[in-house]
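Scroll down for the structure; my scribbles are underneath it.
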Amino acid sequence: MKTLFRTTFIILVAVGVLGGAGNYAYNSFTAPDEEEISQAAEQASEQLAQGEDTQAPKSGATSAAIGMEEGRFQTMLHQMTHQKIEASKKVGAIEMTPERIDEMLKIAHANENIYEHYEFYEKTLTAWEQGDFSNSVDVHNTIWDWHNGTVGRAIGLMTPEQEAEFVERHFR
């Protein structure tokens, strides 16, 4: 009897430790993305406050993005849509909060003359800022296509209940 109790106790402790480690690992992987957005937005705000104009690159030259390179910006925007869309597979998730939308808009504005798809980002984020997320499937699939996605094409918007479950599972 003692052996059964001891074995059960050890298994429960091991499961608890593994669960805690998994939660820690997940939070470690998602928090840096959100922090990166905040830092990039701060850098973009400083640049805009100084009144420095971002210039488009001249014939063959490249201009450094302010705060975040465009490919990384696309990835972050794509991961934000995961909160709103249905897809067979989603890799990564960044919570779509009003603050995060505002930060992404600041980054986009600071890179207006640098980002190739600036108009797309500005239109997307402005709609989201106004509470209109109906474009989320199109935004997801457009970026998915730009990055040559093969699995996880968005097929529709989640219901409010599905979104609430997604938020609870990934961000709470």
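The values are calculated or read from the model by the stated rules, or taken from the named source; none is laboratory data. For clarity, every value in this text was computed on a predicted model and none was experimentally measured. Glycine also receives a Cβ, built like all others from the backbone with ideal geometry; neighbour counts cover every protein chain displayed.
Considering the conditions (1) buried (at least 16 other Cβ atoms within 10 Å of the Cβ); (2) at pLDDT 95 or above; (3) touching a helix residue (DSSP H, G or I) at 6+ places or on another chain (Cβ under 8 Å), residue 126 is excluded by exactly one of them, (1). How about segment 37-70: which of its residues are modelled with pLDDT of 70 or more, assigned to a helix (DSSP H, G or I) and over 22 Å from residue 136 (Cα atoms)? 39, 40, 42, 43, 44, 45, 46, 47, 49 - these are the residues of segment 37-70 that are modelled with pLDDT of 70 or more, assigned to a helix (DSSP H, G or I) and over 22 Å from residue 136 (Cα atoms).
Taken over segment 125-172, the criterion of being part of a helix (DSSP H, G or I) and among the hydrophobic types (A, V, I, L, M, F, W, C) is satisfied by 125, 127, 128, 137, 139, 143, 144, 146, 164, 166, 167, 171. Out of curiosity, is residue 84 among the basic types (Lys, Arg) and modelled with pLDDT of 95 or more? Spelling it out, residue 84 is indeed among the basic types (Lys, Arg) and modelled with pLDDT of 95 or more. Suppose the filter is in a helix (DSSP H, G or I) and over 13 Å from the mean Cα position of the chain (by Cα); does residue 107 pass it? Considered against the rule, which asks whether it is in a helix (DSSP H, G or I) and over 13 Å from the mean Cα position of the chain (by Cα), residue 107 comes out as yes. Only one of the numbered conditions (1) farther than 16 Å from residue 154 by Cα; (2) assigned to a loop (DSSP other than H, G, I, E, B) is violated by residue 73, and that is (2).
Could you list, in sequence order, all residues of segment 81-109 that are in contact (Cβ under 8 Å) with a residue 40 or more places away in the chain, crowded, with 23+ Cβ neighbours inside 10 Å and of a type in the set (A, V, I, L, M, F, W, C)? 85, 94, 104, 107 - these are the residues of segment 81-109 that are in contact (Cβ under 8 Å) with a residue 40 or more places away in the chain, crowded, with 23+ Cβ neighbours inside 10 Å and of a type in the set (A, V, I, L, M, F, W, C).
Consider residue 117 carefully, then state whether it is in contact (Cβ under 8 Å) with a residue 24 or more places away in the chain, of a type outside the set (Ser, Thr, Tyr) and closer than 30 Å to residue 49 by Cβ. It is true that residue 117 is in contact (Cβ under 8 Å) with a residue 24 or more places away in the chain, of a type outside the set (Ser, Thr, Tyr) and closer than 30 Å to residue 49 by Cβ.
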